[in-house]
1. Of the residues that make up segment 268-286, is at least one within 16 Å of the ligand (Cβ to nearest atom), in contact with a Phe, Trp or Tyr (Cβ under 6 Å, 6 or more places away or on another chain), of a type in the set (A, V, I, L, M) and under 22 Å from Pro366 (Cβ atoms)?
2. Do any helices (runs of 4 or more DSSP H) lying entirely in segment 1-107 carry at least 1 residues that are within 30 Å of Val343 (Cα to Cα), and which ones are they?
3. For segment 280-301, which residues satisfy the criterion of being surrounded by 15 or more Cβ atoms within 10 Å (Cβ to Cβ) and over 14 Å from Val315 (Cα atoms)?
4. Answer yes if at least one residue in segment 377-393 is outside any strand (DSSP E or B), of a type in the set (Phe, Trp, Tyr), at pLDDT 95 or above and at negative phi, and no otherwise.
5. Give the residue, chosen from Glu189, Glu151, Glu185, Glu161, that is modelled with pLDDT of 95 or more and closer than 19 Å to Leu117 by Cα.
6. Using the structure shown, decide if Val224 is within 16 Å of the ligand (Cβ to nearest atom), without any contact (Cβ under 8 Å) to a residue 60 or more places away in the chain and out of contact with any Phe, Trp or Tyr (no Cβ under 6 Å at 6 or more places or on another chain).
7. Step by step: first the residues of segment 316-326, then only those that are surrounded by fewer than 24 Cβ atoms within 10 Å (Cβ to Cβ) and not acidic (Asp, Glu), then the one that is nearest to the chain's Cα centre (by Cα). Which residue is that?
8. Just the residues that are of a type outside the set (S, T, N, Q), touching a Gly at 6+ places or on another chain (Cβ under 7 Å) and within 16 Å of the ligand (Cβ to nearest atom), please, taken from segment 26-58.
Amino acid sequence: DTPLAELDPEIAAVLDGELARQRDTLEMIASENFVPRAVLQAQGSVLTNKYAEGYPGRRYYGGCEQVDVAENLAIARAKDLFGAEHANVQPHSGATANAAVLHALINKGDKILGLELAHGGHLTHGMKINFSGKLYDVSAYGVDPQSYRIEMDEVRKQALETRPDVIIGGWSAYPRHLDFAAFREIADEVGAKLWVDMAHFAGLVAAGLHPSPVPYADVVSSTVHKTIGGPRSGFILSKEEYAKKIDSAVFPGQQGGPLMHVVAAKAVSFKIAGSDDFRDRQERTLRGASIIADRLAQADVAEAGVSVLTGGTDVHLVLVDLRHSALDGQQAEDLLHEVGITVNRNAVPFDPRPPRVTSGLRIGTPALATRGFGDAEFTEVAEVIAATLKAGAASDVDALRARVRKLTADFPLYPGLSQ
Ligand code: PLP
């Protein structure tokens, strides 16, 4: 029963240091969030001790009476929240959820069609050295070179040419809504199954602030830790007809014992996601992203060669195009880091720079909305980012860092928590 600080001071120092980092900086990585303390509690609980291979009522281990309750609650809440016929809440992560989806829907060598990685797609949608690229015959659609949007005529053309078995809708870096009805039509036209990966925008869907893919897609996968703001993990929704295939693709097809402490934390997150506070948070997330996009689209920023892809955003993130700026993606990420704002560099479509450098930034608002930010704070954040990107290497880092410190001090994170 030795406390962590005594047993392993080096790791205790990492926890303390990370809490301090999260408190003192502005977290704007679009795929990150802050979980509530109830989720930390569930994840740090004795449920981590339990083996529970199988599904509620059908386990391969004894002693599952309590964890069955947790998993049944997580399933019922996920189905209810998204209006889904079936839910599997066991995937350890978004990537394992996606592996299970493809495993359930098609066979090795079959054809998939998804968004090009370099245009905002995900590794699991067909990247060459990912399992998806190795096991399946991949083709990709991209964004339009003028509008930077996914044009459904182009997707249709690609689908007619390549005749995929699965069409994938979903993205890791794309600032606009997808047309799920059009994806469904195209899938039907070519006899493909439709899988939507809503990992990024699931929280917006749960709040009713983004079109839902659930009525259209055969299968929908997601993470829980992005806009939903729950534990790092995944889940899968599907039509009833795929329920058995999905379940057996997750276990035993993909995983062994589920992480029951995380499953319990998912149940907590889905409960929270049905609340008015959650909806308010998602509204602030969207408004924050619009405020930042609008500011970075103004003339003074444009003069520095910085622009916003598609001219704005429908979602929780903004894609900044630095192809004509003095800063590349790496330099911009590093400079914002010095100012106290954490973002990630991100390739823009048709990026001339290599993926380790890039010519873009992905800036997201979910974590700051969770921290309590509203329009006034997002306006100040937008000003700080605009000033930094405009001045580049000549930025007054100390003054900008002080503005960030004021915001972090005004909105304390996890007050009273010590690790
Ligand atoms: N799907 C999409 C669209 C994502 O953006 C991500 C994460 O970046 C994933 C899946 C994978 O999630 P994880 O990192 O939990 O494996």
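The values are calculated or read from the model by the stated rules, or taken from the named source; none is laboratory data. Here the structure is a predicted model, which means the values were calculated and not measured. Don't worry about glycine lacking a Cβ; one is built from the backbone with ideal geometry, like all the others, and counts go over all protein chains shown.
1. No: zero hits.
2. Passing ranges, in order: 9-24, 37-43, 65-82, 94-105.
3. Within segment 280-301, Arg295, Leu296, Ala297, Val301 qualify.
4. yes
5. Glu151
6. yes
7. Looking at the filtered set, the residue picked out is Arg323.
8. Within segment 26-58, Met28, Ile29, Ala30, Val35, Val39 qualify.
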